[in-house]
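Engineer: Dropping a structure here in structure tokens format, bear with me for questions.
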Amino acid sequence: MSRPLIRIKDLSIHFPLGRRLIGQPPVLKAVDGINLDIPKGSFVGLVGESGSGKTTLGRAILRAAPITHGSITYDDGQRTFDVANIKPRDLKEYRRRAQLIFQDPYAALSPRMTVRDIIAEPLEVMGLTKSRAETDERVREIAGKCRLNLEHLRRYPHAFSGGQRQRISIARALVTGPKFVVADEAVAALDVSIQADILNLLKSLQRDLDLTFLFISHDLSVVAHVCDFVAVMYHGKMMEQAPTRQLFADPQHEYTKCLLSAIPSLDPDDRRPARIYNPEETA
């Protein structure tokens, strides 16, 4: 593997649950002692059931969730950021380089803004362009890469299908020229027929723009299609990490085996029930 673009060491994110008059309040360990390297130029999948801490980890990497303990280091060869201790004056520059694609394209786009204004907003907020003409040029460039027509830029989000809205969301995330992108369940809200188109678009953008992706998903079949490395989480802990082919061919952890057993089979005669993970049995 190439050197890590993102290096996570002993990362923990704990949320207090209420208060106590005596003693420490109970905490929810959303992320607990995670170690993970995300190599530059890779497409890393982060999988696990709902509540496993996947989204919290992704948001922590973007400095959008509080970090209780541990470190996250971003190093693209030009700038290095200690994300856990990043200073406010450096946060805007870091977020230009690390962006997020949201899960729901229907809720992520303002219905009062045209597509042009939605894509241009990060450029204007961060002050990355000096004129409207320069902004428009950059918007048209990234819209074309995301397979949006120029006439789409004058319309409002309600005029588009789910797949088209997600392409708008992708264009907005990429317009600042990031090096690292967190795709949080980026195809979960789309029809199966549209998912493949968006996944192929993400892979194409990865090659063309030299991007690094953290792809958060609960769908192992999707992860197998696009990711070259997979990390498996359960209840805030990292269960297993391996290259995609190796993990699917020879999973080592019992929880990973249970996840793989839940993938629907194309064989109508294969009626084996999904295995249920019991941590007590593997302790």
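The values are calculated or read from the model by the stated rules, or taken from the named source; none is laboratory data. All values derive from a computational prediction rather than experimental measurement. In this analysis, Cβ positions are derived from the backbone assuming ideal geometry, glycine residues included, and neighbour counts consider all displayed protein chains. Only protein heavy atoms, including side chains, enter the accessible area calculation; ligands, DNA and RNA are left aside. Shrake-Rupley method; radii C 1.70, N 1.55, O 1.52, S 1.80 Å.
Engineer: Compute the helix-to-body angle for 132-145: its Cα long axis versus the longest principal axis of the chain, expressed 0 to 90° and rounded to tens.
Structural biologist: On a 0 to 90 degree scale, this one is about 50.
Engineer: Using alpha-carbon positions, what is the distance between the centroids of the range 37-103 and the range 2-22, in Å?
Structural biologist: What the calculation gives is 12 Å, centre to centre.
Engineer: With a 1.4 Å probe and all protein chains kept in place, how much accessible area does F102 have, in Å² rounded to the nearest 10?
Structural biologist: Here the accessible area works out near 80 Å².
Engineer: What is the angle, in °, between the Cα long axis of helix 192-209 and the longest principal axis of the Cα atoms in the chain? Nearest 10 is fine, range 0 to 90.
Structural biologist: So the helix axis and the longest Cα principal axis differ by about 70 degrees.
Engineer: Do any trypsin sites (Lys or Arg not before Pro) in the range 83-143 lie in a loop, going by DSSP, with at most 11 other beta-carbon atoms within 10 Å of their beta carbon, and if so which?
Structural biologist: Of the trypsin sites (Lys or Arg not before Pro), the ones in loops of the range 83-143 whose Cβ has at most 11 other Cβ atoms within 10 Å are R112, K130.
Engineer: Per 5 Å bin from zero, what fraction in whole % of the C-alpha pairs of the chain is there, up to the bin with the longest pair?
Structural biologist: Binned Cα distances yield the sequence 1, 5, 12, 15, 17, 16, 13, 10, 6, 3, 2, 1, 0.
Engineer: For the range 64-135, report the accessible area per residue in Å² (1.4 Å probe, heavy atoms, rounded to an integer).
Structural biologist: For the range 64-135, the solvent-accessible area averages 56 Å² per residue.
Engineer: What does the charge add up to near R116, with Lys and Arg as +1, Asp and Glu as -1, over the other residues with Cβ less than 15 Å from its Cβ?
Structural biologist: Combined, the nearby Lys, Arg, Asp and Glu give +1.
Engineer: Provide the three semi-axes, in whole Å and in decreasing order, of the ellipsoid equivalent to the range 147-273 as defined by the square roots of 5 times the Cα gyration tensor eigenvalues.
Structural biologist: Equivalent ellipsoid semi-axes, largest first: 31, 18, 12 Å.
Engineer: Please report the antiparallel percentage of DSSP beta bridges with both residues in the range 6-282, rounded to the nearest 5.
Structural biologist: Counting only bridges with both partners in the range 6-282, antiparallel ones make up about 55 percent.
Engineer: For every helix of n ≥ 4 consecutive DSSP H residues, a contribution of -39,500 (n - 2.57) applies; sum these over the chain, divide by its total residues, and give [θ] at 222 nm rounded to the nearest 500 deg cm²/dmol.
Structural biologist: It comes out at -10500 deg cm²/dmol, rounded to the nearest 500.
Engineer: Further, regarding this structure: For the range 108-165, give the percent of accessible area contributed by carbon and sulfur heavy atoms, probe 1.4 Å, rounded to a whole number.
Structural biologist: Carbon and sulfur together cover 46 percent of it.
Engineer: Further question: GNM, the chain, Cα, under 10 Å: largest mean-square fluctuation among L21, L148, L205?
Structural biologist: Sorting by GNM fluctuation, first place goes to L21.
Engineer: Continuing with the same structure: Calculate how steeply helix 115-126 sits against the longest principal axis of the alpha-carbon atoms of the chain, using the helix alpha-carbon long axis, and give the answer as 0 to 90 degrees to the nearest 10.
Structural biologist: 80 degrees
Engineer: Next up: For G41, enumerate residues with amide H under 5 Å from its amide H, sequence gap 5+ or separate chain, H modeled in the peptide plane.
Structural biologist: T212
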